[in-house]
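Read the structure below first, then the notes.
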Amino acid sequence: MEVQKEAQRIMTLSVWKMYHSRMQRGGLRLHRSLQLSLVMRSARELYLSAKVEAHEPEVPLPPVRSPDPRLHQSREAEAGAEAAPPDGEPTSPEPMDTREAPRAEETPARCAPRPTKVSRKRRNSSLSDGGDVGLVPSKKARLEEEEEGASSEVPDRLQPPPAQAEGAFPNLARVLQRRFSGLLNCSPAAPPTAPPACEAKPACRPADSMLNVLVRAVVAF
Amino acid sequence: MNEYRADIISTVEFNHTGELLATGDKGGRVVIFQREQESKNQVHRRGEYNVYSTFQSHEPEFDYLKSLEIEEKINKIRWLPQQNAAYFLLSTNDKTVKLWKVSERDKRPEGYNLKDEEGRLRDPATITTLRVPVLRPMDLMVEATPRRVFANAHTYHINSISVNSDYETYMSADDLRINLWNFEITNQSFNIVDIKPANMEELTEVITAAEFHPHHCNSFVYSSSKGTIRLCDMRASALCDRHSKFFEEPEDPSNRSFFSEIISSISDVKFSHSGRYIMTRDYLTVKVWDLNMENRPIETYQVHDYLRSKLCSLYENDCIFDKFECVWNGSDSVIMTGSYNNFFRMFDRNTKRDVTLEASRENSKPRAILKPRKVCVGGKRRKDEISVDSLDFSKKILHTAWHPSENIIAVAATNNLYIFQDKVN
């Protein structure tokens, strides 16, 4: 359990560092990003192996929120790339999830050439519906993105992404989402250890973890 | 933690004779010190270094295409060997390399016909005689002029430059590519190493440092973030993606830890003056490799092994990403590198003795002898020792330089430059 907590703390810290490094003078540093991702990967492996060990000796009664099957699901499906909303959400986002997955993959790639447009939308959606939606983007925002995506998809595919070079991990958000999506719902009370540099609302809902918030912050950029 | 201070020294380099010492800082400035000529009148005043020239090498720039600011911080300075009265050096920031000419002017022409002494044009009607202008002595003026600007060749951040022994070419290395330049040509460079994967998500290692062989103009080495070094021969092919030699030490499984991968990243690589050895610096050690033995280094020196158990804290405060440099002395018998708390370490390769010294104002009055320092690892701390937890990690010595032939060292401690010399009897 200690190991799990420590691993998660390091993951959270790494995500924050990666987010923060994008704002540094001189731009994203490839070497630093690589090192951070290595640490994140090690932390994730440690977290998962500690988790498996923790569950092994238990009687095979699945916990209420069954994080393991969900973990399996998200890893296998890969379409659940977007951070899945917690249980309390209405089911309407469900179909949106699978449809949004390919969008989510493209959005970060588009993020580099057109960061302001995408991030503005997300920010609005989270700020305007303060208490209700919280950090999950509203349907409206998603639809807008899809429209945007559809219209600009073709030209983007034709051009080689110009900022591929500086976006050392142009699909950083996608990688994060894919790798951590299973973990995002698993720890209800992750203490917000990272500094509140992003627009975090730590107390909004119990199921959301700081990692969730940070991933969104990274995706927005 | 990271205050932006323009005067933080970011590189230190002696020229080939040791007469000049150049420093570059975060604000893009270069300051050159010159050693005083030793005079017979002042025997006990061995040549001290005084400021010779100061100039702004790089300015902050903005890449509009990527919406990125390009830092003006000088990453490296490398001198060219002197071929005439002027001095030449290369200085680089993240994206652009510049060739600077530093020259002295101690005479000026006087006695122009069409201009008066202040340079104002004279009314031609007042000129009744002609005279020949003559050169008169003036106060020494040192001027630096940019002779070449080598720009737009690097997508990633430049970490190294190295002058070839042919003195006609040099290389610049960024995270994924190394380019070869001719000093005379600024609009073209040859790409000699490219490790960029087709899919950036498959990226596993980056280039961290590169250097030409001191005598063989066809050979160079580059180090990676995975702790490996590759020796390349430019005669083999135009693109040196395949190495001639590959230096890697198998990992010690007992040392494996969470942060193993990132502390094995090599931050500096230097050929010995002889050209027979290479020295590499990673986060905790300095290693000496024989060019003829690829499977392990011939010597490994622990710089600050007491930090091995503190890696997690060092990750939190970003210190684990610090890039320390290392240097050889003139005879390749001693190697030196920096540490924290303004400590720097020297290792004698022959006697196997090592010493820890401190660069600080309190401990170094002029002409005082530096006292060896010791870090107490655990248990009882002796009077002069300092415990690991008391170390100041904001005081780091990343850049040092050793005079090419004498025992004079330059140590950069944040924004201060310390110059230490051997004791004179």
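No lab work stands behind these numbers, since they all come straight from the coordinates. Just so it is clear, the structure is predicted and the values come from calculations on it, not from any experiment. Using ideal geometry, Cβ is built from the backbone for each residue, glycine included, and neighbour counts are taken over all protein chains shown.
Please report the net charge: other residues with Cβ closer than 10 Å to the Cβ of B:Leu291, K and R +1, D and E -1.
On the way: positive: B:Lys245, B:Arg276; negative: B:Asp290, B:Glu294.
Computed value for this residue: 0.
If packing is taken as the average number of other Cβ atoms within 10 Å across a peptide's residues, how do B:233-243, B:378-388 rank, most packed first? Walk me through the numbers on the way to the answer.
Details: B:233-243: 14.2, B:378-388: 10.8.
Highest mean packing first, the order is B:233-243, B:378-388.
For a footprinting-style exposure proxy, rank B:Arg122, A:Arg9 by other Cβ within 10 Å, fewest first.
Least to most surrounded, the residues fall as B:Arg122, A:Arg9.
Can you tell me the alpha carbon radius of gyration of segment A:1-52 divided by the globular rule-of-thumb value 2.2 N^0.38 Å?
1.25
Sequence gap at least 6, Cα distance under 8 Å: using those rules, report the relative contact order of segment A:1-52 to the nearest whole percent. Display every interim value, and only then the final one.
Details: 38 pairs, mean separation 31.4, N = 52.
Worked out over segment A:1-52, it gives 60 percent.
I want the local charge near B:Leu311. Using Cβ-Cβ distances under 14 Å, sum +1 for each Lys or Arg and -1 for each Asp or Glu among the other residues.
Charge balance near B:Leu311 sits at -4.
Mind checking B:259-268 for the average number of partner chain beta-carbons within 10 Å of each residue's beta-carbon? Could the numbers behind the result be given before it?
Numbers: counts 5, 2, 6, 8, 1, 0, 4, 0, 1, 0.
That works out to 3 on average.
Suppose every Lys and Arg Cβ carries +1 and every Asp and Glu Cβ carries -1, with no other charges. What dipole size does chain B come out with about its Cα centre, to the nearest 20 debye? Write down the numbers at each step before the final one.
On the way: 57 positive and 62 negative charges, 270 e Å.
So the dipole magnitude of chain B works out to roughly 1300 debye.
Take every residue in peptide B:319-331, count the Cβ atoms of other chains within 10 Å of its Cβ, and give the average of those counts.
Per residue, the average neighbour count from other chains is 1.
Which whole number gives the average count of other chain Cβ atoms within 10 Å of the Cβ atoms across peptide A:34-43?
Working: counts 10, 10, 3, 2, 8, 6, 0, 1, 6, 1.
That works out to 5 on average.
Tell me, what is the percent relative contact order of chain B, built from C-alpha pairs under 8 Å that lie six or more residues apart?
10
Exposure proxy check: A:Ser21, A:Ser37, A:Ser14 ranked by fewest other beta carbons within 10 Å?
So the ranking, lowest neighbour count to highest, is A:Ser21, A:Ser37, A:Ser14.
Is there a quick way to get the dipole size of segment A:1-52? I mean about its Cα centre, with the Cβ of Lys and Arg at +1 and of Asp and Glu at -1; what is the value in debye to the nearest 20?
280
List the GluC sites (Glu not before Pro) within segment B:89-161 that fall in a DSSP loop (any state other than H, G, I, E or B) and whose Cβ has at most 11 other Cβ atoms within 10 Å.
Listed in order of number, the matching sites are B:Glu117, B:Glu118.
Compare the peptides B:263-272, B:181-190 by average per-residue count of other Cβ atoms within 10 angstrom and give them in order, highest first.
In descending order of packing, they fall as B:263-272, B:181-190.
What pairs in B:Lys270/B:Lys383; A:Lys17/B:Lys66; A:Lys51/B:Lys287; B:Lys26/B:Lys101; A:Lys17/B:Lys396 have C-alpha atoms more than 30 Å from each other?
B:Lys270/B:Lys383; A:Lys51/B:Lys287
Taking the Cα centre of segment B:84-173 as origin, sum charge times position over the Cβ atoms of Lys and Arg (+1) and Asp and Glu (-1), and report the length of that vector in debye to the nearest 20. Provide the component values of the computation, followed by the final result.
On the way: 13 positive and 12 negative charges, 35 e Å.
With Lys and Arg at +1 and Asp and Glu at -1, about 160 debye.
If I take every Cα pair under 8 Å that is 6 or more residues apart in segment B:82-128, average their sequence separation and divide by the length, what percent do I get for the relative contact order?
Values: 36 pairs, mean separation 10.6, N = 47.
Result for segment B:82-128 is 23 percent.
Filter the chymotrypsin sites (Phe, Trp or Tyr not before Pro) in segment B:142-179 down to the DSSP loop ones having no more than 10 other Cβ atoms within 10 Å, then list what survives. Walk me through the numbers before you get to the answer.
Working: sites: B:Phe150, B:Tyr156, B:Tyr167, B:Tyr170; in loops: B:Tyr156, B:Tyr167.
For chymotrypsin sites (Phe, Trp or Tyr not before Pro) across segment B:142-179 that sit outside H, G, I, E and B with at most 10 neighbouring Cβ atoms in 10 Å, the list is empty.
Starting with the highest mean, order B:87-94, B:125-132 by the number of other Cβ atoms within 10 Å, averaged over the residues of each peptide.
The peptides rank, most packed first, as B:87-94, B:125-132.
Unpartnered cysteines of chain B (Cβ-Cβ under 4.7 Å counts as a partner)?
Unpaired cysteines in chain B: B:Cys217, B:Cys312, B:Cys319, B:Cys326, B:Cys376.
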